[in-house]
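Scroll down for the structure; my scribbles are underneath it.
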Amino acid sequence: MDALREGVAFLQAQWLHTLLVTGPDAPTFLNGLLTQDIARMAVGAARPSALADRLGHFEGDLWIARDADQFQLCLPADRLSFLVERLDRHRFSERVTWIVPEARNERWLLLGPKAGVAMATLERAAVPAVRDFEPLPALGQGALRIRIRETAANEFLIEAPAAENDRVRVELDRAGAQPVSSTAMHLRRYESGVGAYGFEAGAERLVPEVGLLDRLHYDKGCFLGQETLARLHFRGGLNWRLNRFRLHRAPAIGSALLVRGERVGWIAGCIRADDAGVRGLGFLHRRFHEEPGTLTTIDGIDAEPLGLVRPPASNPETA
Amino acid sequence: MSELTRTLEKSTAIRLTPSAVEAVRRSIEDEKLPETIFLRVGVKGGGCSGFSYSLSFDSETQADDRLVEQDGVRLVVDVKSEMVLRGTELDYSSGLNGKGFVFTNPNATGTCGCGNSFSV
């Protein structure tokens, strides 16, 4: 975790599978179905997004990467068929198609306060033109074929053919990046107060309840679920929000959170922290968001609230 | 026009009210469009509730289009859209508080506040 908090860390994102979406109507088609502002994404950019139903319920999370002539939608394998079915259902005469590519590239996450410095080192090992998302050129021996997308400040998504896996690891190590486990990434997510589909939340919750505020854009035109989500955002009324907690031992998932005996929320997930404590994510009623006071779980474990996390300034309208 | 043979036929897919017929004719005249132009009525994916109505003028038909004529107005609708729009009434409301073209779709299970998007 030190590398994630103070240095630079990397993780091979093996859980991400890809759907390639192409066609002249692809930007508007995807923009109407996903929460992220796809039309404004620059070529080469990658951004997280959410899937919502027409009432704003959380149906999945994914990455979107924009290339010159296609979009890559990256998400866990078990949601891929759901996404394809969603796209099939909503396509009429739009000029858009999608495929699951046969040749699968690997993806790596590079994160941490020094990730930008590490990336500069890594780029010297790669062909600079690749960063501009031209088609991968025919390369001589020595050059590392990778694509780099900056997803947020000091966060990068690296894409490379599977055959380059060993080279990527060597170059990341040379750049000073430390490998981290998926558990460390989950802990990072817990520290950020953001839930994930299939872990802390599913379709029974609304997208903003799960903390995914940076994936919601209300000025991009209509998208699936927008009316409910916009009403919640601009008029208030979000009753539940995912909060961060520190606990001295792990409660049962779903345990009620109590304030003076009154049920005010529940534990949605917990993870062992590196200080031998436990970090939890739990839904808390809005009456207790700002000054929750002393909370305990129903099985008597003290739950110290660590506060709501506001989204980054990259999307100030949802801050 | 596609080489496939299609029949101008009455269809129960979409019905235009007299106001809508008049509004379409007026648009064709105002924009000096040829009389052979079609009004393409369809559905697009996306929008608050999942699907949105689309209206446009078109001069070419596609292989899966159905061609309908009502009161001198020629409509085309693609097969997949027709399944969702069957029984729909297209009206036109003008004036200061007019909403323009308004769809009343018996297949819609819900609509957004502005009425442009619907769910089935």
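Counting only strands (runs of 3 or more DSSP E) that sit completely within the stretch B:25-120, those holding 2 or more residues that are in contact with a strand residue (DSSP E or B) (Cβ under 9 Å, 6 or more places away or on another chain) and closer than 28 Å to A:Ala230 by Cβ correspond to B:38-45, B:51-58, B:88-93, B:100-104, B:117-119.
Quick check on my filter: what residues within the stretch A:60-75 are within 13 Å of the chain's Cα centre (by Cα) and among the charged types (D, E, K, R)? Selection gives A:Asp61 alone.
Looking across the stretch A:198-216, just one residue is open to solvent by 60 Å² or more (accessible area, probe 1.4 Å) and among the acidic types (Asp, Glu), and that is A:Glu204.
Just one of the numbered conditions (1) in contact with a Lys or Arg (Cβ under 9 Å, 6 or more places away or on another chain); (2) buried (at least 22 other Cβ atoms within 10 Å of the Cβ); (3) among the hydroxyl-bearing types (Ser, Thr, Tyr) is not true of A:Thr297; which one? Of (1) in contact with a Lys or Arg (Cβ under 9 Å, 6 or more places away or on another chain); (2) buried (at least 22 other Cβ atoms within 10 Å of the Cβ); (3) among the hydroxyl-bearing types (Ser, Thr, Tyr), only one is false for A:Thr297: (1).
Restricting the stretch B:56-103 to residues that are open to solvent by 50 Å² or more (accessible area, probe 1.4 Å) and within 21 Å of A:Arg89 (Cα to Cα), the residue that is nearest to the other protein chains (Cβ to nearest Cβ) is B:Lys80.
Yes or no: the stretch A:284-294 includes at least one residue that is in a strand (DSSP E or B) and either modelled with pLDDT of 90 or more or over 30 Å from A:Ala230 (Cβ atoms) (or both). Among the residues of the stretch A:284-294, at least one is in a strand (DSSP E or B) and either modelled with pLDDT of 90 or more or over 30 Å from A:Ala230 (Cβ atoms) (or both), which makes the answer yes.
Just one residue in the set A:Leu281, A:Leu257 is free of Cβ contacts under 8 Å to residues at least 60 places away in the same chain, farther than 27 Å from B:Gly110 by Cβ and buried (at least 20 other Cβ atoms within 10 Å of the Cβ); that residue is A:Leu257. Given the structure, is A:Leu19 open to solvent by less than 10 Å² (accessible area, probe 1.4 Å), without any contact (Cβ under 8 Å) to a residue 60 or more places away in the chain, more than 14 Å from chain B (Cβ to nearest Cβ) and under 28 Å from B:Ser119 (Cα atoms)? No: the conditions fail for A:Leu19.
Here is a yes/no grid of residues against (1) within 14 Å of chain B (Cβ to nearest Cβ); (2) open to solvent by 50 Å² or more (accessible area, probe 1.4 Å):
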| position | (1), (2) |
| --- | --- |
| A:Phe156 | no, no |
| A:Asp166 | no, yes |
| A:Glu171 | no, no |
| A:Thr183 | no, yes |
| A:Ala196 | no, no |
| A:Tyr218 | yes, no |
| A:Glu227 | yes, yes |
| A:Arg241 | no, no |
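Could you say whether any residue in the stretch A:102-118 is more than 18 Å from A:Phe10 (Cα to Cα) and in contact (Cβ under 8 Å) with a residue 40 or more places away in the chain? Yes: the stretch A:102-118 contains one or more residues that are more than 18 Å from A:Phe10 (Cα to Cα) and in contact (Cβ under 8 Å) with a residue 40 or more places away in the chain. If you go through the stretch A:244-257 one residue at a time, do you hit one that is under 23 Å from the mean Cα position of the chain (by Cα), in a strand (DSSP E or B) and over 15 Å from A:Phe199 (Cβ atoms)? The answer is yes, given that some residue of the stretch A:244-257 is under 23 Å from the mean Cα position of the chain (by Cα), in a strand (DSSP E or B) and over 15 Å from A:Phe199 (Cβ atoms). Exactly one condition in (1) away from chain B (no Cβ under 14 Å); (2) part of a loop (DSSP other than H, G, I, E, B) is false for A:Arg95; which is it? Failed condition: (1). Does B:Lys32 count as away from every other protein chain (no Cβ under 14 Å) and basic (Lys, Arg)? Yes; evaluated as a whole, the condition is true for this residue. Here B:Arg25 qualifies as more than 14 Å from every other protein chain (Cβ to nearest Cβ), open to solvent by 50 Å² or more (accessible area, probe 1.4 Å) and without any contact (Cβ under 8 Å) to a residue 60 or more places away in the chain.
When the stretch B:42-55 is filtered for residues that are more than 8 Å from chain A (Cβ to nearest Cβ) and not aromatic (Phe, Trp, Tyr), the ones remaining, listed by number, are B:Ser54, B:Leu55.
Taken over the stretch A:36-50, the residue count meeting the criterion of being open to solvent by less than 30 Å² (accessible area, probe 1.4 Å) and within 12 Å of chain B (Cβ to nearest Cβ) is 1. One residue alone among A:Leu232, A:Leu247 is modelled with pLDDT under 95 and either under 26 Å from A:Val180 (Cβ atoms) or away from chain B (no Cβ under 14 Å) (or both), and that residue is A:Leu247. Please verify whether B:Gly50 is more than 17 Å from the chain's Cα centre (by Cα) and surrounded by 19 or more Cβ atoms within 10 Å (Cβ to Cβ), treating the condition exactly as stated. So B:Gly50 passes the test.
Checked against the criterion of being outside any strand (DSSP E or B), of a type outside the set (S, T, N, Q), open to solvent by less than 60 Å² (accessible area, probe 1.4 Å) and within 14 Å of another protein chain (Cβ to nearest Cβ), the candidates A:Arg79, A:Arg54, A:Arg86 yield just one match: A:Arg86. For the stretch A:104-134, the set of residues classified as among the hydrophobic types (A, V, I, L, M, F, W, C), surrounded by fewer than 19 Cβ atoms within 10 Å (Cβ to Cβ) and modelled with pLDDT of 80 or more consists of A:Val117, A:Ala120, listed by residue number. Among the residues making up the stretch A:1-11, those that are more than 17 Å from A:Ser192 (Cβ to Cβ) and buried (at least 18 other Cβ atoms within 10 Å of the Cβ) are A:Val8, A:Phe10.
The values are calculated or read from the model by the stated rules, or taken from the named source; none is laboratory data. Note that the coordinates shown come from a computational prediction; the quantities given were computed from them, not determined experimentally. Positions of Cβ are backbone-derived with ideal geometry, glycine not excepted, and every protein chain shown enters the neighbour counts. With ligands, DNA and RNA removed, areas are computed over all heavy atoms of the protein, side chains included. Shrake-Rupley method; radii C 1.70, N 1.55, O 1.52, S 1.80 Å.
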